[in-house]
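K.L.:
Pasting a structure below so you can have a look.
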Amino acid sequence: MVGTNTFHSIDEYIIQFPEEVQEILKKLRKVIKDAAPDSEEKISYQMPTFVLYGNLVHFAAYKKHIGFYPTPSAISAFESALSEYKCSKGAVQFPLNKPIPYELITEMVIFRVEANKKKKAEGKSQKKK
């Protein structure tokens with residue numbers, strides 16, 4: 001359902017969907033925020049995005065699924081847990097007609113937070129040399 005609309009906030013993005021999809025998106029947003037409490041919200045690529053030392057994750061709603069974009073490193077790190085879902089290099093599709101795996105999403109977000117913190121720390125130590 002990502003179309004030609006320009007969104008300025010995650011609230012604006014969520015409100016365009018049917019109520020049952022809005023509920024999923026609101027819960028997904030809360031799950032991400034709980035797993036990455038220091039992250040900031042923004043719209044990037046016209047999708048809800050969470051940022052902490054760079055992009056953490058994006059998500060988007062479509063007609064039949066929720067797209068979750070945790071980067072290729074998280075997709076490969078959780079490959080076996082994601083085996084029942086349609087995945088691509090940096091994305092996974094969670095069908096709307098099945099329960100959303102919020103616990104798995106929490107684990108993936110925590111993985112991304114740790115990866116970004118590590119990358120930031122390595123970047124700092126590299127600059128000191």
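What follows is calculated from the coordinates using simple rules that are stated; it is not laboratory data. Worth saying up front: this structure is predicted, and the values here are computed from it rather than measured. Every residue, glycine among them, receives a Cβ derived from its backbone with ideal geometry; neighbour counts consider all protein chains shown.
K.L.:
So, in region 1-46, how many residues would count as being within 22 Å of K63 (Cα to Cα), touching a residue at least 12 places away in the same chain (Cβ under 8 Å) and among the small types (G, A, S)?
P.N.:
Residues in region 1-46 being within 22 Å of K63 (Cα to Cα), touching a residue at least 12 places away in the same chain (Cβ under 8 Å) and among the small types (G, A, S): 2 in total.
K.L.:
For residues that are touching a residue at least 24 places away in the same chain (Cβ under 8 Å) and more than 12 Å from the chain's Cα centre (by Cα), scanning just region 96-112, find the one that is surrounded by the fewest Cβ atoms within 10 Å (Cβ to Cβ). Walk me through it before giving the result.
P.N.:
We begin by selecting, within region 96-112, every residue touching a residue at least 24 places away in the same chain (Cβ under 8 Å); these are 96-97, 100, 102, 104-112.
If we keep only those that are more than 12 Å from the chain's Cα centre (by Cα) as well, we get 96-97, 100.
Numbers: L96: 16, N97: 6, I100: 18.
Here the answer is N97.
K.L.:
Scan (1) out of contact with any strand residue (DSSP E or B) (no Cβ under 8 Å at 6 or more places or on another chain); (2) farther than 22 Å from C87 by Cα; (3) charged (D, E, K, R) for the single condition K27 breaks and write down its number.
P.N.:
Of (1) out of contact with any strand residue (DSSP E or B) (no Cβ under 8 Å at 6 or more places or on another chain); (2) farther than 22 Å from C87 by Cα; (3) charged (D, E, K, R), only one is false for K27: (2).
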